[in-house]
Each structure stands twice: as structure tokens, then as C-alpha cells.
Amino acid sequence: MSRYSTAGRRDLWDNIIGLEKEVGATVFQKEYQRIGLNILYRRRELKMSQETLANLSGVSRSRISDIERGCETFKLSSLMLIAKALEIDYRELLK
């Protein structure tokens, strides 16, 4: 049996999200901006429009725009969908 319960992990995640909201996301903002720029650079490298990326990934064009500008938080699942559409491992977007 795992040393950490699912409820414990959920509480930890809720605390992280709460901290992010409390500090106005400033702690994480640079990371979101860096990842957004990596998405933008890869999309442009492929000569792909935001609309095409939206169609391939299932993430809305406006959401992709917000992510690329670092204005929006996102779930790992969204990042993975975007990475797949960009034909790249999602971990490359985290660098």
C-alpha cells in the first residue's frame, strides 16, 4: 500500500493551487511564460497557425493564444495534447 493516500495527494495539490492563487500566480508565472514561448516557437517552426494547432490538439484557439502569451494556467493533459499535435514530447516544452 502506498505511503501517501490519494486524499493526501489531493490535499497537497489543493494547497499548491491555493498558494498560486494567493500570490497571484507570480511564483509560477515565469514557468508558464517559458512553456508558452516553447509552444509558440515549435508551432512557428512547423509553420502552423493557432487554428491548425487548435484543430489538431482539441484545445481552443483562444486558450492556445493565452497559453503562448503566458496568461493562462493549464493542465498537464492540455500540454500533452498540444505537444502531440506539435509532434514533440511534452517534456521538451518544459525545458
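Every number in this text was worked out from the coordinates using simple rules, so none of it is lab data. Keep in mind that what you see is a predicted model, and the values were worked out from it rather than measured. Neighbour counts are summed over all protein chains in view; Cβ atoms, including those assigned to glycine, are modelled from backbone coordinates with ideal geometry.
The alpha carbon convex hull volume per residue for region 26-93 rounds to 70 Å³. Distance between the 7 Å Cα→Cβ label points at GLU92 and LEU46: 0.9 nm. Highest mean packing first, where packing is the average number of other Cβ atoms within 10 Å per residue, the peptides 38-46, 80-88 line up as 80-88, 38-46.
Under a Cβ-Cβ cut-off of 13 Å, what is the net charge of the residues other than SER57 that fall near it, where Lys and Arg count +1 and Asp and Glu count -1? Intermediate values should be presented prior to the final figure.
Numbers: positive: ARG42, ARG43, ARG61, ARG63, LYS75, LYS84; negative: GLU51, GLU68, GLU87.
Neighbourhood net charge equals +3.
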